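Notes to accompany the following structure.
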Amino acid sequence: MIRKNIIHLAVFCFLYLFALQGEADLNLTDDQFAKLQQKYGEQAGKRFRSWRELIQKTQSLSEEEKLKEVNNFFNMMVLFVSDADNWGKEDYWATPFECLGKGAGDCEDFSIAKYFTLRELGVPDEKLRLTYVKALAPYNQAHMVCTYFSSPTASPLVLDNLIGEIEPAINRQDLVPVYSFNGSGLWLAKARGSGQEVKGGTGRMAMWQQLKDRMAKDI
């Protein structure tokens, strides 16, 4: 049952990213910034302002420097809160706007926000994935991280809200990879490397149209 649920969630998030691919412009205009602040409040406005400044100031950095800046930003800016406490739902997939608007989210929200911010900063989609893992003791539960591949055969770097330092996956023996996905595909994990691509599934994209609509409404 646990494996089936993880597969379902992986497909869910793949469809979410596929639906939003190429449509999330996070470099906020003044009008978009004002709209978000009005919707989420003054404290959220400070978080959105910091986010906009992060995107603007890191454009010229190397990819690995962008990883560090983005990882640190969300780990410091967002408080970990379960979906039940944050949204009153067992499972809720927040957009980056909702995550920063609340200033809180679970591991999926951290990872999704990092993924989209790095995409906005020009990191190619093929280098980024959202990876479902099993976090071993003391957590012993399903977990999500954002991963970065400097090359197709490299051990990915792990951007995690549990551990602040970015480490190669081969050094994260506390995480067992299950699936990874981005806006282009879904992969069955193989050890701590790239894995085998899984075909199909995009026909259900319409089921997640509401996520795309919610993202668009915020900006």
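Has segment 108-121 got any residue that is within 25 Å of Ala154 (Cβ to Cβ) and over 13 Å from the mean Cα position of the chain (by Cα)? Yes, some residue in segment 108-121 is within 25 Å of Ala154 (Cβ to Cβ) and over 13 Å from the mean Cα position of the chain (by Cα).
Mind listing whichever residues of segment 72-90 are touching a residue at least 24 places away in the same chain (Cβ under 8 Å) and not hydrophobic (A, V, I, L, M, F, W, C)? Passing the criteria: Asn72, Asn75, Ser82. Considering segment 1-55, and only residues there that are among the polar types (S, T, N, Q), part of a helix (DSSP H, G or I) and modelled with pLDDT under 90, the residue that is nearest to Ala113 (Cα to Cα) turns out to be Gln32. Residues satisfying the criterion are absent from segment 135-158 (criterion: under 21 Å from Lys68 (Cβ atoms), in contact (Cβ under 8 Å) with a residue 12 or more places away in the chain and either out of contact with any helix residue (DSSP H, G or I) (no Cβ under 8 Å at 6 or more places or on another chain) or acidic (Asp, Glu) (or both)).
The values are calculated or read from the model by the stated rules, or taken from the named source; none is laboratory data. Everything numeric in this text was worked out from a predicted model, so none of it was measured. Neighbour counts run over all protein chains shown; Cβ positions are idealised from the backbone, glycine included.
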